[in-house]
Amino acid sequence: MNSTRQLFNFGWQQALACIFPVIIFSSLALTQIIPLPFLPRYDWLLLIFIGTQWWMVQSGLETRDELKVITLFHIIGLALEIFKVHMGSWSYPEEGFFKVLGVPLYSGFMYASVASYLCQAWRRLHVSLIQWPPLWAVVPLAIAIYGNFFTHHYWVDIRWWLSAFVLLVFWRASVSYWINETQYRMPLSLSFILIGFFVWVAENIATFFGAWTYPNQSETWHLVGIGKLSSWLLLVIVNFLIVAVLKQVKKE
């Protein structure tokens, strides 16, 4: 019975940490089903997400420090989106007033929502890092992973080498978290895989509701290939490393 209660509490805290992503996916679904007047769908999504971000800060669900981190991810994500759309990796076929080089500004919020989840889960579960590697190993690795999303279009794709380096650098690292008065531990690499998998699931939901379109989905929706899981896994690692480094710096 105690295990069941602990699992429920863990799930409840995870659900609270996912408020922003849930609002994003609900908005994608509802605006696909119910046409809204006056503005294109992409612009309505931008207004909804800005309003959501404002409400979460005003209500105390997110702190101002967390908002700064989320804004950083918005910028990082938007830069990646502009490049990927330019390279033809995916597209945003619908009309919108608030688009930059073919990318609607709401798209950055999808990356920001991952950061929102990480920040809130970190705070709600009192996460701490165990045997965290030094900054001289973490920072270059995060830069290399993010850079590979750009450079692999012009050079060899080194994602699998980077994945091997992740396992090597974080082999002994783990995270501890608390549920009520009980502390638990999880290998950091396993947490990367779990978060990456759920982001891949979320990507399938997002493309189903027309958040963006891959070339093979231009005529009809198809399940996003499992190969994309590696991309999301590496992107989640970048997100986690940035949040972790900022937490470490603030603690010092």
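Computed from the coordinates by the stated procedures, all read-outs in this text should not be read as laboratory data. Since the model is a prediction, treat every value here as computed from it, not as a measurement. All Cβ positions, glycine included, derive from the backbone under ideal geometry; neighbour counts span all protein chains shown.
Note: relative contact order over the chain, using C-alpha pairs below 8 Å and six or more positions apart, is 23 percent.
For region 81-202, what does the alpha-carbon gyration tensor say about shape, rounded, prolate or oblate, given a ≥ b ≥ c as the root eigenvalues, a/c under 1.5 as rounded, and a/b over b/c as prolate? Show your work: numbers first, answer last.
Values: a/c = 2.78, a/b = 1.48, b/c = 1.87.
Note, shape of region 81-202 comes out oblate.
Taking amide H as placed 1.01 Å from N in the peptide plane, the amide H of VAL100 sits under 5 Å from that of LEU105, each at least 5 places away or on another chain. From largest to smallest, the equivalent ellipsoid semi-axes obtained for region 84-151 from the alpha-carbon gyration tensor read 31, 19, 7 Å. Applying D = kT/(6 pi eta Rh) to region 2-251, where Rh is the Kirkwood radius over alpha-carbon pairs, T corresponds to 4 °C and eta to 1.567 mPa s, the Stokes-Einstein value obtained is 68 µm²/s. Going from the fewest other Cβ atoms within 10 Å to the most, the residues ILE193, ILE237, ILE75 appear in the order ILE75, ILE193, ILE237. With neighbours defined as other Cβ atoms within 10 Å of a residue's Cβ, the residues HIS153, HIS74 order from fewest to most as HIS153, HIS74.
Expressed as cubic angstrom per residue, what is the convex hull volume of the alpha carbon set of region 33-139?
Working: hull volume 16.1 nm³, N = 107.
Per residue, the Cα convex hull of region 33-139 comes to 150 Å³.
Counting other Cβ atoms within 10 Å as a rough exposure proxy, the listed residues TYR106, TYR92 run TYR92, TYR106 from fewest neighbours to most.
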